[in-house]
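Undergrad: Let me begin by handing over the structure; questions about it come next.
The values are calculated or read from the model by the stated rules, or taken from the named source; none is laboratory data. No experiment lies behind these values; they were computed from the predicted model shown. In this analysis, Cβ positions are derived from the backbone assuming ideal geometry, glycine residues included, and neighbour counts consider all displayed protein chains.
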């Protein structure tokens, strides 16, 4: 049977595929809120039933948190593992939604039809794009295109606490030749994008303490060390005037971009004016000798994510505060070691403290960057077929965010990952009025059929 | 009649004077909380009745807020106005009090007898120390020592919103030769202290805005301007490495200390190690070529009183925030003009902003420093008599805080003020378990009798 038959089947089955997605979207599987634990279980059960309807041996698997869904189906050719997550972000503030986030609907908009509802884009719509491709394939061929393991997580939006132990306990069962991950988007909402590098993440919380208690700034102001002033001085030194991070050894393991990748990225003609203009900005703020794409994809960052200290209510209070704290995160690239950098950062802070100010540190996660093995034949195979679906050559791109599961697959299972997805920049994931374009879903299903056809 | 007779009368009447103070302390006259408005009225009425019992023509006077108490009594010699305030600070957190803050009691402590209760030191005990001195004088002499205007405010702890209009509407009635203000303390809890300079205060709130909304630090980190980083950089530049404030023109109108005052302060042998050690600090933090007393009494300061921006809850969120704000206050000295400095500060901040970050400013009050006219004969007269009561030569000192009423008396009524008071460093004003030593009250009454005797 030809690929065309599968694509036709996908087209004709689209209304039913949308109905199935709607059913899954109606289950409020918010993983971070314990009140929704039974809804997470319900979403996992729904997926197991759906996989079973395709003849896949599927079951939910208990964890200390929400269940994993694991399914296996035999087939010829390579063994791939497909990963997606069925849990969703919380919906507050609910008042900013134009409709009930768990009563999804197809809406006509100026930009085309969209599926509106929490999880439509992140990640239920993306997850189902793969399942529907398998369904169409099975319907046309009677078999699956290759041996596939389905692996759906229910804690991605709440830090994946069960993921590492589950991978470690089920290494043999889950290891495949390649993982396919569908949790990313199209470049500039148009160009199919295969992620080849993901930044890592290091989180640190610093608390500086000066006086033992809050003081009156009239009585003590001038004589007593103010921890806010010192934290500002230190965090104000985090970057030099050219945007370069000043922590010693920070750039030790940061590679330069290969000429090959640099050429591909230059060819994307990234419109940083629109990218920044959409959020009220004009000028790329990072290292001044780098392109904007490098800044967000291949260069490390240091950001203050939050700061609080002293009196922050209405009006004014002339307090000289005892404490201040800040949350600082670093996006990591190349071979940067988050554990070493944590120590370098702490040493750098401590070295700048005056006698009367002490620092306490609290770590918040540390994951290295991931670099995909684009020499795996699936990467070129996927790239070569996606142009037919989207009308643009697919690009090997970076991703500024951190999708830790790819790193865990590599580290624990020794398995490479290929990340490809159909989200658009305006999907409002994690925000009110999340949506997924019907085009993303429909072409996404067709894209997976093309990729499976190419790599089998 | 001799002063001795008045002092003896004070000694023998102390139990009754304490009973009267207790009655006033039992009235919960919290000015900032509208729920206590009738209690403020009750405290004002209590004072009017007490003044009337001394033959003083007293009455409450309405304001848009809590009433003023004004009383007049004729006499020979100079005309003095005595100022105190009958309102008190809120008492929360109530759980940190060892007893009901409005059920005051005399307690025996290792350091002697104390009057425990809200307002004991700030300012009901201090206010009544003057009234009791007048009572004893009247009892012994049948007249008052001089012409006295009594002026008690009920909004001092809530920003004195009615004070300026009331002074302006009643200039002729309230103007005297000298104001006596009893709302300060003994130097190092021992040495009688006449305040000759008070720092002014300028409050500013800055809000920096970078992106139009909070961004995901994975998607935008590196390319988008982070307002927290920029506010930290700017506030971190507020002082140079020697503690000098870097805002241009900041020191233009800061006078050097006169040799006379410097000698007096040096003679106080201020124990900065204990002063700072009591709050967990060791090293005077201000301008490194100044003494600790200069830092808190005669040098201007810039302090960040509070800062907040981005994610400040539990755990971690990799947000790249849209906004951050800080409250910054300046203590002013000499002829520093708060309005000019506000503009210098804003210009200095704006000059450091990158293209993509904008600043909004909100002013929070601006009062210049006050310098007392110590050439007024009352200052030397008071200084010469206090040694007999306290065993230490009285000192002309500075005060790091801002007591705006003295400035208003000067500006609106053209009247100098002499600030003297009997509080101790451990009185815990504005805090749970506020107290006033019976010694402060008793010697305070005797001190006022001596001062009145000396200046009449």
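Undergrad: Do the conditions hold for residue A:238, that is, is it touching a strand residue (DSSP E or B) at 6+ places or on another chain (Cβ under 9 Å) and at the interface with another protein chain (Cβ under 9 Å from one of its Cβ atoms)?
TA: Yes: the conditions hold for residue A:238.
Undergrad: Right, here's the next one. Go through the range A:300-411 and tell me which strands (runs of 3 or more DSSP E), entirely inside it, have 3 or more residues that are out of contact with any helix residue (DSSP H, G or I) (no Cβ under 8 Å at 6 or more places or on another chain).
TA: A:358-367
Undergrad: Please find, within the range B:260-280, the residue that is nearest to residue A:213 (Cα to Cα) out of those that are touching a strand residue (DSSP E or B) at 6+ places or on another chain (Cβ under 9 Å) and free of Cβ contacts under 8 Å to residues at least 12 places away in the same chain.
TA: So the residue we want is B:279.
Undergrad: Right, something else. Residue A:345 passes all but one of (1) closer than 23 Å to residue B:353 by Cα; (2) in contact (Cβ under 8 Å) with a residue 40 or more places away in the chain; (3) in the same structural domain as residue A:210 (by TED's automatic domain parsing); which number fails?
TA: Single failed check for residue A:345: (1).
Undergrad: Touching a residue at least 24 places away in the same chain (Cβ under 8 Å) and in contact with a strand residue (DSSP E or B) (Cβ under 6 Å, 6 or more places away or on another chain), is that true of residue B:119?
TA: So residue B:119 passes the test.
Undergrad: What residue, among those in the range A:211-230 that are under 38 Å from the mean Cα position of the chain (by Cα) and more than 7 Å from every other protein chain (Cβ to nearest Cβ), is surrounded by the fewest Cβ atoms within 10 Å (Cβ to Cβ)?
TA: For the range A:211-230, the residue satisfying everything is A:230.
Undergrad: Give the number of residues within the range B:245-265 that are under 19 Å from residue B:200 (Cα atoms), touching a helix residue (DSSP H, G or I) at 6+ places or on another chain (Cβ under 8 Å) and surrounded by 15 or more Cβ atoms within 10 Å (Cβ to Cβ).
TA: Final tally of qualifying residues: 4.
Undergrad: When only residues in the range A:273-284 that are facing chain B (nearest Cβ under 7 Å) and in contact with a helix residue (DSSP H, G or I) (Cβ under 8 Å, 6 or more places away or on another chain) count, which is surrounded by the fewest Cβ atoms within 10 Å (Cβ to Cβ)?
TA: A:282
Undergrad: Quickly run through the range B:155-194 and pick out the residues that are part of a helix (DSSP H, G or I), within 24 Å of residue B:28 (Cβ to Cβ) and touching a helix residue (DSSP H, G or I) at 6+ places or on another chain (Cβ under 9 Å).
TA: Within the range B:155-194, B:156, B:157, B:163, B:166 qualify.
Undergrad: Next question. Might you let me know whether the range A:95-117 holds any residue that is within 24 Å of residue A:56 (Cα to Cα) and in the same structural domain as residue A:445 (by TED's automatic domain parsing)?
TA: For the range A:95-117, residues within 24 Å of residue A:56 (Cα to Cα) and in the same structural domain as residue A:445 (by TED's automatic domain parsing): absent.
Undergrad: Do any residues in the range A:413-436 that are on the phi > 0 side of the Ramachandran plot have Cβ atoms under 6 Å from those of residues that are surrounded by fewer than 21 Cβ atoms within 10 Å (Cβ to Cβ), where the two are at least six apart or on different chains, and which pairs are they?
TA: Once the first residue is on the phi > 0 side of the Ramachandran plot and sits in the range A:413-436, its partners that are surrounded by fewer than 21 Cβ atoms within 10 Å (Cβ to Cβ) give A:430/A:89; A:433/A:97; A:433/A:98.
Undergrad: Within 27 Å of residue A:446 (Cβ to Cβ) and at the interface with chain B (Cβ under 8 Å from one of its Cβ atoms): which single residue out of A:365, A:401 fits that description?
TA: Just a single option satisfies the conditions, and that option is A:401.
Undergrad: Given the residues B:149, B:109, which is the only one that is loosely packed, with under 15 Cβ neighbours inside 10 Å and modelled with pLDDT of 95 or more?
TA: Criteria check complete, one pass: B:109.
Undergrad: From the residues in the range B:285-298 that are touching a residue at least 12 places away in the same chain (Cβ under 8 Å) and at the interface with chain A (Cβ under 7 Å from one of its Cβ atoms), which one is surrounded by the fewest Cβ atoms within 10 Å (Cβ to Cβ)?
TA: Of everything passing the filter in the range B:285-298, B:292 is surrounded by the fewest Cβ atoms within 10 Å (Cβ to Cβ).
Undergrad: In the range A:127-154, which residues are closer than 25 Å to residue A:88 by Cβ and out of contact with any strand residue (DSSP E or B) (no Cβ under 6 Å at 6 or more places or on another chain)?
TA: Residues satisfying the conditions are A:128, A:129, A:131, A:132, A:133, A:134, A:135, A:154.
Undergrad: Quick check on the range B:308-319. Is at least one of its residues under 22 Å from the mean Cα position of the chain (by Cα) and without any contact (Cβ under 8 Å) to a residue 60 or more places away in the chain?
TA: no
Undergrad: Considering (1) closer than 26 Å to residue B:308 by Cα; (2) within 11 Å of another protein chain (Cβ to nearest Cβ); (3) at pLDDT 95 or above, say which one residue A:314 fails and leave the rest.
TA: (3)
Undergrad: Shifting gears a bit: Filtering the range B:47-57 down to residues that are part of a helix (DSSP H, G or I) and without any contact (Cβ under 8 Å) to a residue 24 or more places away in the chain, which residue is nearest to residue B:156 (Cα to Cα)?
TA: The residue in question is B:48.
Undergrad: Another question, then. Checking the conditions here, which among A:364, A:344, A:376 is surrounded by fewer than 21 Cβ atoms within 10 Å (Cβ to Cβ), under 24 Å from the mean Cα position of the chain (by Cα) and either under 23 Å from residue A:419 (Cβ atoms) or modelled with pLDDT of 95 or more (or both)?
TA: Matching residue, one of A:364, A:344, A:376: A:376.
Undergrad: Restricting attention to the range B:347-361, and to residues there that are in contact with a strand residue (DSSP E or B) (Cβ under 9 Å, 6 or more places away or on another chain) and within 10 Å of chain A (Cβ to nearest Cβ), which single residue is surrounded by the most Cβ atoms within 10 Å (Cβ to Cβ)?
TA: Checking each candidate, the answer is B:357.
Undergrad: Against the condition at the interface with another protein chain (Cβ under 7 Å from one of its Cβ atoms) and surrounded by 23 or more Cβ atoms within 10 Å (Cβ to Cβ), how does residue B:301 come out, does it pass?
TA: Yes; evaluated as a whole, the condition is true for this residue.
Undergrad: Residues of the range A:412-445 being in a helix (DSSP H, G or I) and buried (at least 24 other Cβ atoms within 10 Å of the Cβ), which ones?
TA: A:440, A:441, A:444, A:445
Undergrad: Go through (1) within 21 Å of residue B:86 (Cα to Cα); (2) modelled with pLDDT of 95 or more and name the single condition residue B:144 misses.
TA: (1)
Undergrad: If you check A:49, A:58, which single one turns out to be more than 18 Å from residue A:19 (Cα to Cα) and either in contact with a strand residue (DSSP E or B) (Cβ under 9 Å, 6 or more places away or on another chain) or crowded, with 24+ Cβ neighbours inside 10 Å (or both)?
TA: Every option except A:58 fails the conditions.
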